[in-house]
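Notes for the one structure printed next.
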Amino acid sequence: MSEINFDERLQELFDNFKQQLPTRLDTILTAWKGYLETGQQVDLEELRFHIHKLAGAASTYGFTEIGENARTVETRLDQFLKDGSREEVEAELTPSIRYIQDLIENC
């Protein structure tokens, strides 16, 4: 009987996370747009923070493809924060962020 409650609780957590994905996506897209407007490293750091949170949470809740893609973006952001040009950041991350957006919108 407690196994049923445990399974129900896990499903509830999964469902809650799935419902939060659009809000998480909005936060990421807002941070990305902020960077595109300013080109400032602080905005790129904010984007990295939100991508990092998505990567960990998505993997934890079984959204493997979202988590893996977010982790890839996070790794690239780490590299860009050290030595990337704005042109490189925009060229490489725009399609990656769009892909994460598509994954979230279609799950």
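Rule-based calculations on the coordinates, nothing more; no lab input. Keep in mind that what you see is a predicted model, and the values were worked out from it rather than measured. Here the Cβ positions follow ideal geometry from the backbone for every residue, glycine too, while neighbour counts run over all protein chains shown.
The C-alpha atoms of the chain define a longest principal axis, and helix 64-83 lies at about 30 degrees to it.
Select one label from (1) 31, 12, 11; (2) 24, 16, 11; (3) 30, 18, 10: the one whose number is semi-axes √(5λ) of the Cα gyration tensor in Å as derived from the coordinates shown. Computed from these coordinates, semi-axes √(5λ) of the Cα gyration tensor in Å corresponds to label (1).
Taking a ≥ b ≥ c as the square roots of the eigenvalues of the Cα gyration tensor, an a/c ratio of 1.5 or more together with a/b no larger than b/c marks the stretch 51-107 as oblate. Within a straight-line Cα-Cα reach of under 19 Å, LYS18 can be paired with the following aspartates and glutamates, leaving aside sequence neighbours fewer than 8 residues apart in one chain: ASP7, GLU8, ASP26, GLU65, GLU68, ASP102, GLU105. Only helices enter the 222 nm calculation for the chain: every DSSP H run of n ≥ 4 contributes -39,500 (n - 2.57), and dividing by all residues gives -32000 deg cm²/dmol, rounded to 500. Computed from Cα atoms, the angle from the helix 86-105 axis to the main principal axis of the chain rounds to 20 degrees.
Any idea what the dipole of the chain comes to, in debye rounded to 20, about its Cα centre with Lys/Arg Cβ at +1 and Asp/Glu Cβ at -1?
Charge dipole of the chain: 120 debye, to the nearest 20.
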